[in-house]
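> Pasting a structure here, questions to come.
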């Protein structure tokens, strides 16, 4: 059974804003997702999804440096064992703060840093 969409009027191409593209890409490349099914649900071709992914991955992501601020104050002991005190605290704009304990597994640290990068 085939499905056809007829576009009429002066504009024959559909337009997607960045939020729609991001939503479709997240759905298409989520674990266990099938790109063809996501494309069918959104009435677009699979090649367009792959093109959007190529475009998103090719964005110029130049290396940027952020200043590191070292505070010499001694940590306030709050009854926490030393292994659970934050070894790294990252403050982002907007007041977001991420603290990583010295005892955190390497996989957790890697995942947290990757999430901050995107």
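The values are calculated or read from the model by the stated rules, or taken from the named source; none is laboratory data. Since the structure is predicted, the reported quantities are computational estimates derived from the model, not experimental observations. Don't worry about glycine lacking a Cβ; one is built from the backbone with ideal geometry, like all the others, and counts go over all protein chains shown.
> Quick one: would you say residue 87 is assigned by TED's automatic domain parsing to the domain that holds residue 109, closer than 30 Å to residue 116 by Cβ, at pLDDT below 75 and not in a loop (DSSP other than H, G, I, E, B)? Explain how you work it out, then say what you get.
Working: assigned by TED's automatic domain parsing to the domain that holds residue 109: yes; closer than 30 Å to residue 116 by Cβ: yes; at pLDDT below 75: yes; not in a loop (DSSP other than H, G, I, E, B): yes.
Yes.
Condition check ((1) outside any helix (DSSP H, G or I); (2) under 30 Å from residue 91 (Cβ atoms); (3) at pLDDT 95 or above; (4) not assigned by TED's automatic domain parsing to the domain that holds residue 93) across all residues:
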| position | (1), (2), (3), (4) |
| --- | --- |
| 23 | no, yes, no, yes |
| 26 | no, yes, no, yes |
| 31 | yes, no, no, yes |
| 50 | no, no, no, yes |
